[in-house]
Amino acid sequence: ETGVTQSPTHLIKTRGQQVTLRCSSQSGHNTVSWYQQALGQGPQFIFQYYREEENGRGNFPPRFSGLQFPNYSSELNVNALELDDSALYLCASSRGGQGATDTQYFGPGTRLTVL
Amino acid sequence: GENVEQHPSTLSVQEGDSAVIKCTYSDSASNYFPWYKQELGKRPQLIIDIRSNVGEKKDQRIAVTLNKTAKHFSLHITETQPEDSAVYFCAPKWDNFNKFYFGSGTKLNVKP
């Protein structure tokens, strides 16, 4: 198993609510990427955080936002939840910048259900 | 952004046979090409990767081949076993900072 952890494991929300998902990166990693995986599809890149700054974003609206903390853990926030936001949310940590490596390691994911 | 296509979408083989999954991509600047295995309800796990300065890489029953000119890379699994049954994703890197576009996945079913 990787050293990447996510919380909570499962979450049920209703449409219009807000949610915060958390990710702790692997030791030595300074980059966290977030992905949304709808049922039966591949993970889609939401955004990436490197040294506490957003470092690239996929095709997701502004109601998807994030943070990275000095210890490189990260949060994904989703406002005004819609039914289509129901998915598995995965974070992946890697090392960017000096000493960068290509490999990213995934956390176990948070299963979000929006009713 | 990167356009990634994966074929086939489903693949059913008999235990002991070989399986090949192909991934095509559009960004000629891509230089790192991993394959992930995802079992039901679990996280994607890296099973093999290749960099653009190498044409082929093998790890026991798994191999990856890369054709940078044609912009495709393939996953080869030999002597398949039932535990190889899973969804496999290719995810070429599309910039210098560890951003990846995933294919739509190939569901491999190995029949005992």
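Close amide-amide hydrogen proximity is noted between A:SER25 and A:SER73, A:SER74, each under 5 Å apart and 5 or more residues distant or on a separate chain (H modeled in the peptide plane; Pro and chain starts excluded).
Here the Gaussian network model covers chain B, with springs between Cα atoms less than 10 Å apart; of B:ALA63, B:ALA19, B:ALA29, B:ALA29 fluctuates the most. Of the trypsin sites (Lys or Arg not before Pro) found in the range A:7-115, the ones in coil according to DSSP and having at most 12 other Cβ atoms within 10 Å of their Cβ are A:ARG15, A:ARG51. With q set to 0.10, 0.11, 0.12, 0.18 Å⁻¹, the log10 of I(q)/I(0) for the protein assembly as shown, from the Debye formula over equal scatterers at the Cα positions, is -0.45, -0.54, -0.65, -1.33. No solvent, one uniform scatterer per C-alpha: report log10 I(q)/I(0) for the range B:46-98 via the Debye equation at q = 0.25, 0.31 1/Å, two decimals. Calculated log10 I(q)/I(0) at the listed q: -1.11, -1.41.
Our estimate of slack between A:THR14 and A:GLU53, defined as 0.36 nm per intervening residue step minus the Cα-Cα distance, is 11.1 nm. GNM remark for chain B: springs join alpha carbons under 10 Å apart, and the peak mean-square fluctuation among B:THR65, B:THR78, B:THR24 falls on B:THR78. Rounded to the nearest 0.05, the FRET efficiency derived from the C-beta distance between B:GLU79 and A:SER27 at R0 = 30 Å is 0.25.
Which of the three applies to chain A, rounded, prolate or oblate, going by the alpha-carbon gyration tensor with a ≥ b ≥ c and a/c under 1.5 meaning rounded? It comes out prolate by the Cα gyration axes.
Of A:LYS13/B:LYS107; A:LYS13/B:LYS111; A:LYS13/B:LYS93; B:LYS58/B:LYS93; B:LYS68/B:LYS107; B:LYS37/B:LYS93, which sit over 28 Å apart, Cα to Cα?
Numbers: A:LYS13/B:LYS107 30 Å; A:LYS13/B:LYS111 39 Å; A:LYS13/B:LYS93 33 Å; B:LYS58/B:LYS93 20 Å; B:LYS68/B:LYS107 25 Å; B:LYS37/B:LYS93 17 Å.
Over 28 Å apart, Cα to Cα: A:LYS13/B:LYS107; A:LYS13/B:LYS111; A:LYS13/B:LYS93.
Put the Cα centre of the range B:33-106 next to the Cα centre of the range A:52-72 and the gap is 26 Å.
Of A:GLN104, A:GLN36, A:GLN26, the residue with the greatest mean-square motion in the GNM of chain A, using alpha carbon springs below 10 Å, is A:GLN104. Here the range B:14-112 has an Rg and Dmax of 13.3, 42 Å, counting Cα atoms alone. Distance between the pseudo-spin-label points of A:PHE69 and A:LEU39 (7 Å out from Cα toward the beta carbon): 3.3 nm. Segment B:LYS71..B:ASN53, full-extension length gain: 5.1 nm, with 0.36 nm per residue of separation and the alpha-carbon distance subtracted.
Values in this text are rule-based calculations from the coordinates and carry no lab data. Keep in mind that what you see is a predicted model, and the values were worked out from it rather than measured. Don't worry about glycine lacking a Cβ; one is built from the backbone with ideal geometry, like all the others, and counts go over all protein chains shown.
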